[in-house]
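For reference, the structure is listed below as structure tokens.
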Amino acid sequence: MALSRRSFLVAAAAGAALSACARPTAPPAPRQPAAGLAEAIARTEAARPHTGRTVTAHLRAGSSDLDLGGPVVRSLAYDGRVAGPVVRGNVGDELAVTVTNGLDHPTSVHWHGIALRNDMDGAAPATPEIAPGADFTYRFTSPVPGTYWAHPHAGLDTDYGLYLPVIVDDPAEPGDYDAEWIVVLDDWTAGVGPDPHQILDGLRSRRMSMHGMGGAASPLLGGDGGDVSYPYYLVNGRIPSAATAFTARAGQRMRIRFINAAADTAFRVALAGHPMTVTHTDGYPVEPVDVDAVLLGMGERYDVLVTAADGVFPLVAVAEGKNGAGRALLRTGVGSDPGPDFRPAELAGRVATAAALSAAAPVRLAPAPPDAQLQAVLSGGMMGYDWRINGRPFTDAVPLTVAESQRAVLHFVNRSMMWHPMHLHGHTFEVLRSDGAPGPRKDTVIVAPMKSVAVAFDADNPGVWMLHCHNGYHMDAGMMTTLEYV
Ligand SMILES: [Cu+2]
């Protein structure tokens, strides 16, 4: 850790009075919902596709002993598994997911990336949190197929292990592949280093140095990789020396769905010996691009196609700008594992980033002049750990507002020396590329230090939606606001 043992012990003592995991950021005082919001949500839901089929699932959020492939840690997970069970259905299916809160504090499940009905978004105040011991059934329909994920929208719980993949299939578009590999990336400290709340306390009180992470600045991210160096980087819940193996046959076309569930780590991912074709990001198709590696900020997803070669191939997810990596293996034949320190040459090759992608033609936004211009100025730094949007912490946030049916352009202006993966709930915006080419549809976009990114979206999903940095520590320190329909 970037924290001396002595200062960690100080931090741990200071944090001892805290409960293990519960200390969510206080939400702003509840406002009266806009008049007619319930009707608008119901009307919008009626316009989504509906198959008439209901897919039920049950998740239990609780404390479990988790085997990371050697270290066994007591932490939080859904159904005692990292990365959780997969929730999966078709476009238009009703997903009815009952969540039992086995934690000692309120929780929620946010369906990251899905343009669902606002009252099922799993983020307060749109959806009430689930009290300890209580159940809640999320009932919603995804209008768009794709790779999504789910996690609590309360405090730092995601960083303790509460996350799972959510896959929405389109039966009319089965895809040109024979095998599917879901790859969930994470940075891990709970049970093996200071726990996430101790880290946040250290960051806030400057007991944790921003230097000494052992990593180099990342040109891809425009500076420091993150605020925290983690003991482990996990792929599908396993440490590098105990990597999971995915078995396929040589010659098969494989779809790999990458999900970055980390709190403070971007990953550069490559599969040794395999160029990759990027087909989707954040659920939406892009014009296919051939690359050697993919960069994912926290909350982002990328889908790629590869043709499996014959042998044993490490998939390596390097913690960008930090020391360390997570890994898994693709096994299609006879071969040996080169071991945890092996780094595929592809990591230094062509890297897919959102700035070089274009949405596939069918999912581009129709050309339209903007009706609303919104701005989110990102500020803060390591000195006070005072991450802000438009100069304000979430507890004092002034909502951004749109009217239904408007075309909005949202300008992210980063006035900090750190990059931020900015995530908007309930919408998938189109990144407005600086070269004028159509950008990808995304719900989470990397904004580099001292740079700006503009995105456009249609205000077609009424509600109260969170807009925040997907760095768990930045978010908990205040880098969140809301987008509200008026
Ligand atoms: Cu941030």
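Some notes on this structure:
- Dipole of the chain [Lys/Arg +1, Asp/Glu -1 at C-beta], most positive-end residue of H425, G52, G146: H425
- Accessible surface of V86, taken over heavy atoms with a 1.4 Å probe and every protein chain present, rounds to 70 Å².
- Total charge dipole magnitude, the chain, about the Cα centre, Cβ charges on Lys, Arg, Asp, Glu only, Debye to nearest 20: 800
- Each label point was placed 7 Å from the Cα along the Cα-to-Cβ direction; for A131 and R204 their separation is 2.6 nm.
- In terms of Cα atoms, the Rg and Dmax of the stretch 82-135 work out to 12.0, 34 Å.
- The heavy atoms of M450 offer some 110 square angstrom of accessible surface to a 1.4 angstrom probe.
- Extended-chain gain in nm, criterion 0.36 nm per residue less alpha-carbon gap, R364 and N390: 6.5 nm
- Accessible surface of D386 - all protein chains present, 1.4 Å probe, nearest 10 Å²: 60
- Two-decimal log10 I(q)/I(0) for the stretch 140-290, as the Debye equation yields it once each C-alpha is a single scatterer, q = 0.18 Å⁻¹: -1.26
- All alpha carbon pair distances within the stretch 119-172 were sorted into 5 Å bins beginning at 0; the resulting P(r) in whole percents reads 4, 15, 22, 27, 17, 9, 4, 1, 0.
- Proximity of backbone amide H atoms, modeled 1.01 Å from N, is registered between E300 and N260 at under 5 Å, excluding neighbours fewer than 5 places apart on the same chain.
- Solvent-accessible ranking of S108, S241, largest area first, probe 1.4 Å: S241, S108
- Alpha-carbon centroids, the stretch 274-324 and the stretch 387-459: separation in whole Å: 24
- Cα gyration tensor, the stretch 206-345 - rounded (a/c under 1.5), prolate or oblate: oblate
- Once the Cα-Cα distance is subtracted from the 0.36 nm per residue extended length, the E404 to R60 segment shows a gain of 120.3 nm.
- Amide H contacts under 5 Å for Y232: W188, restricted to partners 5 or more places along the chain or on a different chain, H placed in the peptide plane at 1.01 Å from N.
- With 0.36 nm allotted per residue and the present C-alpha distance subtracted, the S452-D67 stretch has 134.5 nm of extension available.
- Under 20 Å from a label point set 7 Å out along the Cα-to-Cβ vector of R415, the amide N atoms of the stretch 357-397 belong to 373-397.
- Model label points for R249 and A437, set 7 angstrom from Cα along the Cα-to-Cβ axis, are 3.7 nm apart.
- The stretch 179-357, relative contact order [Cα under 8 Å, separation at least 6], %: 27
- The chain, helix-only ellipticity at 222 nm - DSSP H runs n ≥ 4, -39,500 (n - 2.57), divided by all residues, nearest 500: -2000 deg cm²/dmol
- For the chain, the relative contact order works out to 15 percent when only alpha carbon pairs closer than 8 Å and six or more residues apart are counted.
- The stretch 408-457 shape via C-alpha gyration tensor axes, a/c threshold 1.5: oblate
- In sequence order, calculated HN-Hα J values of the stretch 389-404 (Karplus, 6.51, -1.76, 1.60; Hz; x Gly/Pro): 10, 6, x, 10, x, 4, 5, 10, 6, 9, x, 7, 10, 9, 10, 4
- Cα-based equivalent ellipsoid, the stretch 362-485: semi-axes from gyration tensor eigenvalues, Å: 24, 17, 11
- Within the chain, percent of DSSP bridges classed antiparallel, to nearest 5: 70
- Across the stretch 65-70, computed HN-Hα scalar couplings (Karplus, 6.51 cos²θ - 1.76 cosθ + 1.60, θ = phi - 60°) run 7, 10, 8, 8, x, x Hz from first to last residue, x flagging Gly and Pro.
- The DSSP beta bridges internal to the stretch 179-357 are antiparallel in roughly 75% of cases.
- Divide the volume of the convex hull around the Cα atoms of the stretch 46-169 by the residue count and you get 93 Å³ per residue.
- Tensor-based shape of the chain (alpha-carbon gyration tensor, a/c under 1.5 rounded, otherwise prolate or oblate): rounded
- Spacing of the two label points (7 Å from each Cα toward its C-beta) at E173 and S379, in nm: 4.1
The values are calculated or read from the model by the stated rules, or taken from the named source; none is laboratory data. These numbers come from a predicted model, not from an experiment. When we count neighbours, we look across all protein chains shown, and the Cβ atoms used for this are built from the backbone with ideal geometry, even at glycine. The protein model used for the area step is the full one, side chains on, heavy atoms only, and it has no ligands, DNA or RNA in it. Shrake-Rupley method; radii C 1.70, N 1.55, O 1.52, S 1.80 Å.
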